[in-house]
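Let me give you the structure first, and then I'll get to my questions.
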Amino acid sequence: MLILAIDTSAVASAALVSDDALEGEVASFATEDTRSHAEVLAPGIEDLLSSAGVTGPDLDAIVVGVGPGPFTGLRSGIATARTLAFVWDKPLHGVMSLDAVALEVAESTDAAAEFLVVTDARRKEVYWARYSLEEAQLPRLEDGPHVSFATDLPDLPAYGAGAGLYGDVLRADPGFSKEQPDALYLGQFALARLASGAQLLDSTPLYLRESDAQVPGPRKRAL
């Protein structure tokens, strides 16, 4: 199975993963900028497919990270994934973006049996979820996702860029204190789940907050 995975919940990233490739990876890219998703994503995917000698019709499915994440960045990835799935007539699956970091943690030899994945939600808050490890060293979601202040999180080892930001109150793992959701691990997680017969999410975004943009109310008539 050949999957194009896309995630823009933090940085913009995309990857080609296959169950025939070593560790699943065919090709991948990720930016470091958390605010230029719309500008870099489409050209990045085009270059990714070209470098791998793959075209849209060669894909078996598209997987997209559905957050949680900020409105603008998350929309860029989901809109791109929906468009490509429609144009190429491919199945589209959603995966919670925090699952990507959780898989990266699970693949480390010193991963805790129960842990948190924490990313930056801005406004002095974090997105987070609690995981445990299954027998096959796959992460299992136990609670979340949530958005809250770092001081409100359970007292467990914490992984991800959000944990690194609040290392004074969280048990942040130094080796994972800058990790963001990455499409490569997102795609690997999807491959493992699909191979086990599990159902993935749809592409509905997990914003967790109401939009700041509100429909204006009726104007008051001047007296």
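(1) closer than 24 Å to Leu200 by Cα; (2) touching a residue at least 12 places away in the same chain (Cβ under 8 Å); (3) exposed (fewer than 13 other Cβ atoms within 10 Å of the Cβ): which one isn't true of Glu134, the others all being true?
So Glu134 meets the others, but not (2).
Here's a follow-up. Looking only at region 137-154, how many residues end up being touching a residue at least 12 places away in the same chain (Cβ under 8 Å) and of a type in the set (Asp, Glu)? Even if it seems obvious, please write down each step before you answer.
Restricting attention to region 137-154, the residues satisfying the condition of being touching a residue at least 12 places away in the same chain (Cβ under 8 Å) are 137-139, 141-151, 153-154.
Cutting the leftovers down to of a type in the set (Asp, Glu) gives us 142-143.
Qualifying residue count, region 137-154: 2.
Could you list all residues from region 49-84 that are open to solvent by 10 Å² or more (accessible area, probe 1.4 Å) and aliphatic (A, V, I, L, M)?
Of everything in region 49-84, those that are open to solvent by 10 Å² or more (accessible area, probe 1.4 Å) and aliphatic (A, V, I, L, M) turn out to be Leu49, Ala52, Val54, Ala79, Leu84.
From the set of residues in region 10-32 that are at pLDDT below 75 and surrounded by 13 or more Cβ atoms within 10 Å (Cβ to Cβ), which is nearest to the chain's Cα centre (by Cα)?
Of everything passing the filter in region 10-32, Gly24 is nearest to the chain's Cα centre (by Cα).
If I filter region 191-198 for residues that are surrounded by 20 or more Cβ atoms within 10 Å (Cβ to Cβ) and at pLDDT 95 or above, do I get at least one hit?
Within region 191-198, none of the residues are surrounded by 20 or more Cβ atoms within 10 Å (Cβ to Cβ) and at pLDDT 95 or above.
Okay, next question. Consider Ala100 carefully, then state whether it is surrounded by 14 or more Cβ atoms within 10 Å (Cβ to Cβ) and in a loop (DSSP other than H, G, I, E, B).
Spelling it out, it is not the case that Ala100 is surrounded by 14 or more Cβ atoms within 10 Å (Cβ to Cβ) and in a loop (DSSP other than H, G, I, E, B).
For region 148-190, how many residues are surrounded by fewer than 16 Cβ atoms within 10 Å (Cβ to Cβ) and part of a helix (DSSP H, G or I)?
Of the residues in that region, 4 qualify.
Looking at region 39-83 only, could you name the residues that are within 15 Å of Asp7 (Cα to Cα) and not in a helix (DSSP H, G or I)?
Selection gives Ala61, Ile62, Val63, Val64, Gly65, Val66, Gly67, Pro68, Gly69, Pro70.
Among the residues of region 104-120, write down those that are part of a helix (DSSP H, G or I) and open to solvent by 10 Å² or more (accessible area, probe 1.4 Å).
Residue satisfying the conditions is Glu104 alone.
The values are calculated or read from the model by the stated rules, or taken from the named source; none is laboratory data. In this text, all values refer to a predicted model and were calculated from it rather than measured experimentally. Note that we place each Cβ from the backbone using ideal geometry, even for glycine, and neighbour counts take in every protein chain shown. The accessibility values were calculated without ligands, DNA or RNA, using every heavy atom of the protein model including side chains. Shrake-Rupley method; radii C 1.70, N 1.55, O 1.52, S 1.80 Å.
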